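Written below as structure tokens is the structure these notes are about.
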Amino acid sequence: MEEKQAEGNSAYSKRPLWQWIVLYVVIAIIVYGALYYIFLPKQNPYSTQSQSTQQTSVSQNGVYKVMSKGKLGTVMTDPKGMTLYTYAKDTTGVSNCTGACLKAWPVYVATSEANLPANVTVIKRSDGTMQYSWKGMPLYYFAKDGDTGDAYGNGIGGVWSVIKQ
């Protein structure tokens with residue numbers, strides 16, 4: 001008789017079966033969610049580009065090339081394929097991206113002023129850096145674009161845009 005009472009006082013017998021089922025279901029959901037989050041490919045929420053975009057080079061010169069980037073269409077990149085952007089707060093021939101802005105949006109530094117393609121000019125920034133510009137608008141990279149297919153900066157803050165061709 002005492003043996004049955006000892007068994008009846010176990011931790012499993014203090015809770016009804018339905019509570020144990022709910023507990024196991026909740027644990028399974030948490031584990032599934034954690035695994036899903038860990039192994040899900042990361043995509044920038046600001047990007048209008050799908051991760052499976054196919055890129056093809058359309059035209060090229062020494063300063064820029066034009067590439068097709070899925071939903072974004074045909075955009076301008078540097079010769080290595082890194083996406084170039086313009087800043088809506090800039091004015092023709094003047095860059096207004098300074099300080100912390102430059103850490104997130106590095107300048108597309110001009111390496112030469114000779115034999116520039118049509119619509120490409122070089123401007124002199126207030127810090128003395130020479131920067132390429134497209135139709136007078138200074139050109140930048142986005143620091144979080146880590147690969148040639150990235151265009152994560154498009155549309156950020158409503159002021160950064162890829163150059164569509």
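Pull up segment 70-120, narrow it to residues that are touching a residue at least 24 places away in the same chain (Cβ under 8 Å), farther than 14 Å from Trp160 by Cα and among the hydroxyl-bearing types (Ser, Thr, Tyr), then point me to the one that is surrounded by the most Cβ atoms within 10 Å (Cβ to Cβ).
Thr77
Just checking, how many residues over segment 128-160 are in contact (Cβ under 8 Å) with a residue 24 or more places away in the chain, surrounded by fewer than 16 Cβ atoms within 10 Å (Cβ to Cβ) and at negative phi?
4
Which of the residues that make up segment 80-118 are more than 11 Å from Leu139 (Cα to Cα) and in contact with a strand residue (DSSP E or B) (Cβ under 6 Å, 6 or more places away or on another chain)?
The answer is Glu113, and nothing else.
Bear in mind these aren't lab numbers, they're just calculated from the coordinates by the rules spelled out. Small disclaimer: the values here were computed from a predicted structure and weren't measured. Cβ atoms come from the backbone with ideal geometry, glycine included; neighbour counts cover every protein chain shown.
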